[in-house]
Every structure is written in structure tokens, then in C-alpha cells.
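One structure is given here, and the rest of the page talks about it.
What follows is calculated from the coordinates using simple rules that are stated; it is not laboratory data. Quick caveat: nothing in here was measured; it's all calculated off a predicted structure. Methodologically, a virtual Cβ is constructed for each residue, glycine included, from the backbone with ideal geometry; neighbour enumeration extends over all protein chains shown.
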Amino acid sequence: MSGRRDDEATGLALYDRTARDAAAAVIAAYSTSFGLASRMLGPRVRPHVRNVYALARIADEIVDGPASAAGLDAETERRILDDLESETLAAIGRGFSSNLVVHAFGQTARECGIGEDLVRPFFTSMRTDLTTAQHDGASHDAYVYGSAEVIGLMCLQAFVNAGETTPREPAPELVDGARRLGAAFQDVNFLRDADHDAGELGRDYLGSASREEVLARIEADLGAAAAVIPLLPTDCRRAVTAAHDLFAALAVRLRREPEPQKRVRVPDPVKAAVAARAWLGFAPRSARA
């Protein structure tokens, strides 16, 4: 089958663009908060960050319900996840995948210097969801590194290297900030989704850590991340500030409601105010109530 429109890209350029559009559609469908923050990224970086998050979302959905709802057992889910990991690594190497989301991620990985050292820990954490229901401190930390901190590191690679001829290593302080921001995001999600994780998925990610201990960790991580946001490229700072501040607002609400009756969320008018404040260039807000 063939066909083309003379005013549009063709061949690999068209395929690349379609893959990026597919990744953007995944994010638009699954995350209003992330969609809001990603729109504040400069055009140099925006598609790459969407590509990273789209792959992460697809992998997450394999282990968090939809695959099971389709009738798949844990062993089949693991096999599909393994296949997705293999295809992702192959796409990075060869520059093409028949899976549009994987293709988009592979293009980002090749341009921005995202390698196996970040991809494999992510899939390891996703596989953990198929085998581990109760976490302790050590398994929590390992899970958070693979499921969240490496996503922050992948995004940092895009922040630093998008549009560059040769990828370079980010500064150590930016690496630490990216890891701690990712960890804070994940711990906020663990706290506000604890009832769902326990009731629907049978998982406890926080183990014996008290709510106060988790909140203190979140606040410390958000504070450390906020300190290095001014060191990011200018076309990334507003978006990262907005994402930081949305989760800081969630942390404040979680502290104010020690036993929330429903899932804590940031109302849309507050999200809009957070985005406006970040867009105007204000410094990140504190996560302390």
C-alpha cells in the first residue's frame, strides 16, 4: 500500500513524526498534570520528554491492571514486559521499531544518550510489581530508583543533550536533583494511592515507614531538587518548576489530611495558578505546609 501528501513528510521522517504523535497521545490520555507541565517545555525538549513518559506508561500498564483485565496471568505479563524491554534496547541500537511508542523512545535515547544503564533498572522495577507485594526499606529504595529516579535521569539527558551532536554527561548536582525529584514524585504517589495499591493491587510500597517519615523524606527531596532547578537549561526550568510545585502542593495537602477519605488531588484552579507562577519565572515553592 502506498500513498502520500505532497505537503507532508514522507518515509522515515513521517514515521518519526507519527511515533512522536503517538507518544504525545499516550501522555494526553493518562496524565493531565504531566501534560500541563510538559507543554511548558521548550520545543527542543518537549517531544523527548513525552517519548520517555509514554514508554514508562505503557510498561506500567502491563503490570498495573489493564493486562490483567484482558485476562493475562502474571507469567504472560512478565513475558510481554520482557519483550518490551528487548524491543526497546533493540530500537536504541538499530534506530527503528514497529512499535510506535518504542520507536519514539529509541529516537530520543539515541539523540540524548539514554542507554542500557537506565533502561534495564526501569524494567527491573516493573517486573518487581509482578513478584513483590510487601516492600521493606531496601526494596522500596531499589524500586524507586528503577521506577522513578531513572525516569528523572532520562529526562535530564534530554534537557542537557536534545539538539546536540554528541551527548554529554550532566553535572553531578543535576544528576542528584533529578534522582531526588523522581523519588519525591514516587513517594507522593505511594502515599496518596496507598489504599488503592493495597485494596486493588495487593501491594504495600512503604513497608514499616511511618507517614511522617515518608512526608519528611518527600519534603527533603523536593527541597534538594528545587535548589538545582536554576542550573537547568532555560527552556526546561519553568516546566520542571511547575511539576515540582504540583507535587509540593500534593505533599502539603497530604500533611494536612493525615487520614484522607478520598484520593488527595490538586484542584484545577490551583494547578492553573501553579502553572502561571512557574511560567512567570518564580522560584519553586516549599513543600512544607
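Values for this structure:
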{"read-out": "Computed helical MRE - 222 nm, the chain, DSSP H runs ≥ 4 contributing -39500 (n - 2.57), nearest 500", "value": "-21500 deg cm²/dmol"}
{"read-out": "Charge dipole magnitude, Cβ of K and R +1, D and E -1 - the chain, Cα centre, debye nearest 20", "value": "1180 debye"}
{"read-out": "Footprinting exposure proxy for His48, His196, His140, His103 (fewest neighbouring C-beta atoms within 10 Å first)", "value": "His196, His140, His103, His48"}
{"read-out": "Nitroxide proxy distance, nm - points 7 Å out along Cα→Cβ at Leu201 and Ala272", "value": "3.2 nm"}
{"read-out": "Pair Ser208, Leu14: separation of 7 Å Cα→Cβ label points (nm)", "value": "6.1 nm"}
{"read-out": "Calculated mean projected area of the Cα convex hull in nm² (choose from [x] 15.2; [y] 16.4; [z] 32.4), label", "value": "[y]"}
{"read-out": "Candidates Asp176, Asp193, Asp73, ranked by Gaussian network fluctuation over the chain, Cα under 10 Å, top entry", "value": "Asp73"}
{"read-out": "Label point distance in nm, Asp73-Thr166, each placed 7 Å from Cα along Cα→Cβ", "value": "5.2 nm"}
{"read-out": "Peptide ranges 36-45, 197-206 listed from the most packed, as the mean C-beta count within 10 angstrom indicates", "value": "36-45, 197-206"}
{"read-out": "Relative contact order %, segment 4-138, counting alpha carbon pairs below 8 Å whose residues are six or more apart", "value": "26 percent"}
{"read-out": "Ranked list, fewest to most other Cβ atoms within 10 Å of each Cβ, for Leu130, Leu81", "value": "Leu130, Leu81"}
{"read-out": "Relative contact order computed over the chain (Cα-Cα under 8 Å; 6+ residues apart), in percent", "value": "18 percent"}
